[in-house]
Amino acid sequence: MEKVNIAEKFAGFSETWRPKTIGTVDDYDVKLVRIEGDFVWHSHPDEDEMFLCLEGRFTMEFRDRSVEVGPGEMIVVPRGVEHRPRADAQARIMLFERRGVVNTGDAPAGDLTAGVGERI
């Protein structure tokens, strides 16, 4: 039961698209990630995802529309919905995901696929 300083955690890594777990709530991981550029189109057949924008701006693209998300705003992507986050400039995001979720979901593993459960 220790407090977590989010700014200090972000200062500890610089790579993008590599979520870092900073806490766990029941079966859900609380993660921090830096994003910049385009991610891959993917979905998570069995899990919802929540993205909370802490700094910067990003767009959550869906096949039929795009949603702009800024600081203090969040978006929940329901399970099974194909999506792709992208950011023109670096954004800092907090994620809430079920433990064990692979960031690229059902997309083939590639350069943007991160390890599961890297805790900082």
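Details
- Segment 6-98 - convex hull of alpha carbons, volume per residue in Å³: 89
- Loop-located GluC sites (Glu not before Pro) in segment 15-53 whose Cβ has at most 12 other Cβ within 10 Å (DSSP): Glu15
- Separation between Cα centres of segment 1-75 and segment 79-120, rounded to whole Å: 8
- GNM flexibility winner over the chain from Glu61, Glu97, Glu73 (Cα, springs under 10 Å): Glu73
- Two-site FRET efficiency, Ile6 against Val102, from Cβ-Cβ distance with R₀ of 25 Å, rounded to 0.05: 0.60
- DSSP beta bridge pairing in the chain, given as percent antiparallel to the nearest 5: 95
- Exposure here means at most 13 other Cβ atoms within 10 Å; with trypsin sites (Lys or Arg not before Pro) in a DSSP loop as sites, the longest stretch of the chain lacking them is 4-62.
- Based on Cα contacts under 8 Å between residues 6+ apart, the chain shows a relative contact order of 33 percent.
No value in this document is a laboratory result; all are computed from the given coordinates. It should be emphasised that the depicted structure is a prediction, and the values quoted were computed from it without experimental measurement. Note that we place each Cβ from the backbone using ideal geometry, even for glycine, and neighbour counts take in every protein chain shown.
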